[in-house]
Amino acid sequence: MQPLLLGIFQYIGPNGTVGSSWQHPDDTSAEFTTLSHWTSLARKFEDAGLDFLFLADSYGFPALDGRLIPASVREGRGIPHGDPMPLVSALAAVTEKLGFILTTSTTVEPPAANARRFATLDHFTDGRIGWNIVTGSSGGTAAALMGKELIRHDLRYDMADDYVDVSLTLWEGSWEDDALVLDREAGVYADPDKVHLVHHEGPYFRTDGILNLPPSPQRTPLLVQAGASGRGREFAGRNAEAVFVGGGEPTVVAANVRGIRESAVAAGRPADSVKILVGALLITAPTAEEAWAKHAEMLAMSTDEGAAAIYAGNTGIDLLALDPDKPISQTRTEMGQSNLERYLGRDGQAAPLVRDVLENFRRTGINGSVFVGSPDDVADRIEEFVAATGVDGFLIQPHLTPQTYDDLIELLLPVLRERGLASAEYSGDTLRERFFPEGGPHLPETHRGHAFRVGR
Ligand SMILES: Cc1cc2nc3c(=O)[nH]c(=O)nc-3n(C[C@H](O)[C@H](O)[C@H](O)COP(=O)(O)O)c2cc1C
């Protein structure tokens with residue numbers, strides 16, 4: 001088996017992803033507003049040789065019918081949530097190899113503003129940046145915050161395709177590779193024949209101008225996507241080099257993985273040109289008993305109300321207002337659909353009852369797979385899961401910060417390395433080369449973005 005890609009899932013808020021673990025006496029995540037909290041975590045991840053830190057984001061927050069959900073505020077779930085973008089420069093300054101993947105939504109800022117910010121970060125990180133392209137999980141509240149209406153689900157993805165086109169036009173089309181001259185004696189900074197105005201007029205976005213920066217190490221950041229709805233998978237097939245999928249039953253994850261690879265092939269790309277990483281919580285300790293005790297402690301901090309608030313923020317669906325004894329399939333949403341679709345029965349199976357969905361969501365959070373046990377147990381489960389689903393790596397959810405990471409680094413990683421499941425050292429200078437060691441720092445020829453390149 002190939003070494004797995006291993007990234008850490010975090011967001012700028014108090015943890016965790018299952019339950020409110022900030023309240024645990026050993027948890028430091030309530031210090032999320034201090035820079036030193038993040039710089040010490042980033043150093044820890046780099047020292048351990050982990051591939052990247054993913055910072056999730058959304059302008060949205062849990063609310064229903066125009067009202068805040070008390071449990072969300074009381075338990076610190078979905079509120080508060082800060083902006084990851086300003087953090088990355090500070091983290092880049094204290095690390096050399098760790099990659100950073102950041103979420104921004106295609107429904108919030110104009111594409112040229114977003115493209116410029118990512119290009120600047122690609123310079124400052126020496127090519128260690130990736131963009132998780134989402135259409136927005138908490139779309140309703142994010143739209144209202146920006147003074148806009150919620151755009152319908154599939155239309156959001158149509159707009160996202162056009163948004164990516166604008167971004168690729170700017171990143172790939174403005175500067176030729178050798179446009180930067182920097183000749184001090186001649187007083188030539190750049191060659192005017194090699195810097196180009198670009199023009200894009202799509203169905204939703206228009207731009208006339210340039211990306212006002214010389215080419216960065218990757219030009220286009222590593223393109224990542226995280227929405228697993230049918231339309232989301234189609235978008236991923238066209239655009240994404242990596243996809244984050246939610247965990248859960250291996251059969252459901254395997255179907256998702258197949259769907260994404262088929263979408264890539266339908267878009268004229270090789271099936272393996274997309275790396276797929278699954279969100280998972282890894283709880284380990286020297287013995288299985290101790291690990292299960294940690295799991296029980298985690299569940300004791302996870303309430304129905306807190307779980308329902310996060311679910312509502314993501315999907316717009318209030319599980320606590322639905323009949324607990326009816327199947328979830330009675331419901332539809334124009335907000336994020338992955339966390340509904342993951343519960344709709346597949347292959348003729350009946351959809352679960354609302355009460356079972358709430359309990360499952362309370363226990364597993366938005367990303368679904370929970371592996372608990374001794375380091376060998378967890379490594380066994382990881383191996384089985386990878387064989388059953390075809391995923392290329394894991395996006396590791398926080399439980400207790402930093403304890404979950406210490407357990408991972410001290411107990412689990414050595415076992416994974418022994419089995420050849422985790423790489424022992426960093427390869428490649430840029431994040432793209434970390435994901436695709438056989439390729440270079442730029443978009444490959446098989447990606448449609450390659451055609452946007454000026455002076456090829
Ligand atoms: C591991 C993982 C990370 C995600 N990170 C984000 C994020 O940072 N921001 C966001 O809006 N959605 C994120 N999502 C996706 C949302 O859950 C949601 O499904 C999506 O934004 C809406 O698209 P969909 O309708 O295709 O599901 C993530 C999903 C997964 C599995």
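The values are calculated or read from the model by the stated rules, or taken from the named source; none is laboratory data. Keep in mind it's a predicted model, so treat the numbers as computed, not measured. Note: ideal-geometry Cβ built from the backbone for every residue, glycine included; neighbour counts use all protein chains shown. The area values use the complete protein model at the heavy-atom level, side chains included, leaving out ligands, DNA and RNA. Shrake-Rupley method; radii C 1.70, N 1.55, O 1.52, S 1.80 Å.
Packing-based ranking of 269-275, 15-21 yields 15-21, 269-275, ordered from highest to lowest mean Cβ neighbour count within 10 Å.
Among residues other than Asn114 with Cβ under 14 Å from its Cβ, the summed charge is -4 (Lys and Arg +1, Asp and Glu -1). Ordering 393-405, 66-78 by mean Cβ neighbour count within 10 Å, with the highest value first, yields 393-405, 66-78. Look at the dipole of the chain built from charges on Cβ: of Gly259, Ala48, Ser427, the Cα furthest out on the positive end belongs to Gly259. Over all directions, the projected convex hull of the C-alpha atoms in the chain averages 21.8 nm² in area. Once C-alpha pairs closer than 8 Å and six or more residues apart are averaged by separation and normalised to the residue number of the chain, the relative contact order reads 23 percent.
For the stretch 87-106 versus the stretch 261-340, the inter-centroid distance based on Cα atoms is 25 Å.
If you sort the three axes of the alpha carbon gyration tensor as a ≥ b ≥ c, you get a/c of 1.5 or more for the stretch 43-127 and a/b no higher than b/c, which makes it oblate. Taking the DSSP beta bridges with both ends in the chain, the antiparallel portion is around 20 percent. Normalised by the number of residues in the stretch 77-158, the mean separation of alpha-carbon contacts (under 8 Å, six or more apart) gives a relative contact order of 31 percent. How much of the calculated P(r) for the stretch 68-226 lies past 18 Å, in percent of all Cα pairs? Counting every Cα pair in the stretch 68-226, those more than 18 Å apart make up 65 percent. Full extension of the chain segment joining Ala451 with Asp126 gains 114.6 nm, where the gain is 0.36 nm per residue of separation less the Cα-Cα distance. For Val181, the amide hydrogen comes within under 5 Å of the amide hydrogens of Ala190, Asp191, counting only partners 5 or more places away or on other chains and with H modelled in the peptide plane. Cα centroids of the stretch 27-47 and the stretch 423-450: how far apart, whole angstrom? Value for the Cα centre distance between the two parts: 27 Å. Protection proxy ranking, highest mean first, for peptides 380-387, 302-309: 302-309, 380-387, where packing is the per-residue count of other beta-carbon atoms within 10 Å, averaged.
For the stretch 28-65, the residues whose amide N sits under 14 Å from a probe point set 7 Å from the Cα of Ala93 along the beta carbon direction are 35-40. Pair-distance distribution P(r) for the stretch 220-277, from all Cα-Cα distances in 10 Å bins starting at 0: 27, 59, 13, 0 percent. Relative contact order of the stretch 22-98, please, whole-number percent, based on alpha carbon pairs below 8 angstrom and at least 6 residues apart. Relative CO of the stretch 22-98 lands at 38 percent. Net charge within 11 Å of Ala379 by Cβ-Cβ distance, Lys/Arg positive one each and Asp/Glu negative one each, not counting Ala379 itself? Value of the local net charge: -3.
Among the listed pairs Lys44/Lys275; Lys44/Lys294; Lys97/Lys194, those with a Cα-Cα distance over 28 Å are Lys97/Lys194. Simple point charges give the picture: +1 on the Cβ of Lys and Arg, -1 on the Cβ of Asp and Glu, and for the chain a dipole about the Cα centre of about 860 debye.
Can you bin every Cα-Cα distance in the stretch 347-440 into 5 Å intervals starting at zero and give me the percent of pairs per bin, rounded to whole numbers? Going out from 0 Å in 5 Å bins, the stretch 347-440 shows 2, 10, 15, 19, 19, 16, 8, 6, 4, 1 percent.
Just the number, please: carbon plus sulfur as a percent of the accessible area of the chain, 1.4 Å probe, no ligands or DNA/RNA counted. So the carbon and sulfur contribution to the accessible surface is 52 percent.
Ligands, DNA and RNA are left out, and with a 1.4 angstrom probe the accessible area of the chain is 41 Å² per residue.
The residue among His24, Pro70, Leu98 whose Cα reaches farthest toward the positive pole of the charge dipole of the stretch 23-130, with charges on the beta-carbon of Lys, Arg, Asp and Glu, is Pro70.
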